[in-house]
Amino acid sequence: MKEPDKAFVLWLTGLSGSGKTTLADRIYEFISKKGLSVEKLDGDILRGFFPATGFTRQQRDEHIKRVGFMASMLEKHGVIVVASFISPYRNARRFVRDVCKNFIEVYVHAPLDVCEKRDVKGLYTRARAGQIKNFTGLDDPYEEPEKPDIIVNTDEQSVDESASVIIDFIGKYL
Ligand SMILES: Nc1ncnc2c1ncn2[C@@H]1O[C@H](COP(=O)(O)OP(=O)(O)OP(=O)(O)O)[C@@H](O)[C@H]1O
Ligand SMILES: [Mg+2]
């Protein structure tokens, strides 16, 4: 496994169903095939290991700080990190930007109605039925990135097209 010249943390943020995990998997595979050290941190997987983490503002903030700090430690040791978290609050994302050396924010954007129509995990249906509280985009805010390094509009692009936009951007680091 080669160390990249310059490690970085590629942080994908966006609504549930916007395409973060789909794209993170593609990017991870692309970097991995180059033989570079890369780790993937995904919200669902990480939450599986911290099952007590809920979805109040405080719990979300703690979760993002915890995984953001972890990402920075990997980066410090030369590992590229591909992180996919809804991470709806600007302050928490800023915290991660500040602890990392090279933080690349990717806004994985699709309008709420498109994400809701996709309803990949059936969560929107459950939230609309009142079975899930504090659901981002419905009864909890998503604070859009003000100056993301990359934006992909996944309602207009294919998965391949969105992945290419990101890969083109990170090319200079690889
Ligand atoms: N350009 C695109 N980029 C990414 N995904 C896309 C794109 N176009 C369509 N999709 C589809 O959108 C869905 C996105 O689901 P995905 O699980 O990746 O979302 P997510 O952002 O990880 O959601 P969650 O926050 O709930 O984990 C997939 O079914 C994917 O095939
Ligand atoms: Mg996901």
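The values are calculated or read from the model by the stated rules, or taken from the named source; none is laboratory data. All of these numbers come straight from a predicted model, not from anything done at the bench. FYI the Cβ positions are ideal-geometry reconstructions off the backbone, even for glycines, and counts take in every protein chain you see.
Here is a list of conditions, (1) more than 16 Å from ligand 2 (Cβ to nearest atom); (2) under 20 Å from residue 152 (Cα atoms); (3) aromatic (Phe, Trp, Tyr), and residue 95 meets all of them except one; can you say which number that is?
(2)
So, residue 75, is that one more than 16 Å from ligand 2 (Cβ to nearest atom), at pLDDT 95 or above, closer than 12 Å to residue 11 by Cα and in contact with a Lys or Arg (Cβ under 7 Å, 6 or more places away or on another chain) or not?
For residue 75, the condition - more than 16 Å from ligand 2 (Cβ to nearest atom), at pLDDT 95 or above, closer than 12 Å to residue 11 by Cα and in contact with a Lys or Arg (Cβ under 7 Å, 6 or more places away or on another chain) - is not met.
I'd like to check something: does segment 31-42 contain any residue that is surrounded by fewer than 24 Cβ atoms within 10 Å (Cβ to Cβ), within 13 Å of ligand 2 (Cβ to nearest atom) and part of a helix (DSSP H, G or I)?
no
Can you name every residue in segment 156-168 that is in a helix (DSSP H, G or I) and more than 16 Å from the chain's Cα centre (by Cα)?
Answer for segment 156-168, where residues must be in a helix (DSSP H, G or I) and more than 16 Å from the chain's Cα centre (by Cα): 160, 161, 164, 168.
Inspect segment 80-89 for any residue being without any contact (Cβ under 8 Å) to a residue 60 or more places away in the chain and loosely packed, with under 14 Cβ neighbours inside 10 Å and give the result as yes or no.
no
Give the residues of segment 109-133 that are small (Gly, Ala, Ser) and under 18 Å from residue 159 (Cα atoms), sorted by residue number.
Correct list: 110 only.
If you take the residues of segment 124-161 that are in contact with a helix residue (DSSP H, G or I) (Cβ under 8 Å, 6 or more places away or on another chain) and within 15 Å of residue 93 (Cα to Cα), which of them is surrounded by the fewest Cβ atoms within 10 Å (Cβ to Cβ)?
Taking the candidates together, the pick is 146.
Taking the options 70, 1, name whichever one is away from ligand 2 (no atom under 16 Å from the Cβ), modelled with pLDDT of 95 or more and hydrophobic (A, V, I, L, M, F, W, C).
Exactly one of 70, 1 is away from ligand 2 (no atom under 16 Å from the Cβ), modelled with pLDDT of 95 or more and hydrophobic (A, V, I, L, M, F, W, C), namely 70.
From the set of residues in segment 45-62 that are within 14 Å of ligand 2 (Cβ to nearest atom) and surrounded by fewer than 12 Cβ atoms within 10 Å (Cβ to Cβ), which is modelled with the highest pLDDT?
In this case the residue turns out to be 45.
Of the residues that sit in segment 144-159 and are touching a residue at least 60 places away in the same chain (Cβ under 8 Å) and within 12 Å of ligand 1 (Cβ to nearest atom), which one is farthest from residue 109 (Cα to Cα)?
Residue satisfying both the conditions and the ranking: 159.
Among the residues of segment 12-30, how many are in a loop (DSSP other than H, G, I, E, B) and more than 10 Å from ligand 2 (Cβ to nearest atom)?
1
Among the residues of segment 118-155, which ones are within 26 Å of residue 81 (Cα to Cα) and either assigned to a helix (DSSP H, G or I) or acidic (Asp, Glu) (or both)?
Those that are within 26 Å of residue 81 (Cα to Cα) and either assigned to a helix (DSSP H, G or I) or acidic (Asp, Glu) (or both): 143, 144, 146, 149, 155.
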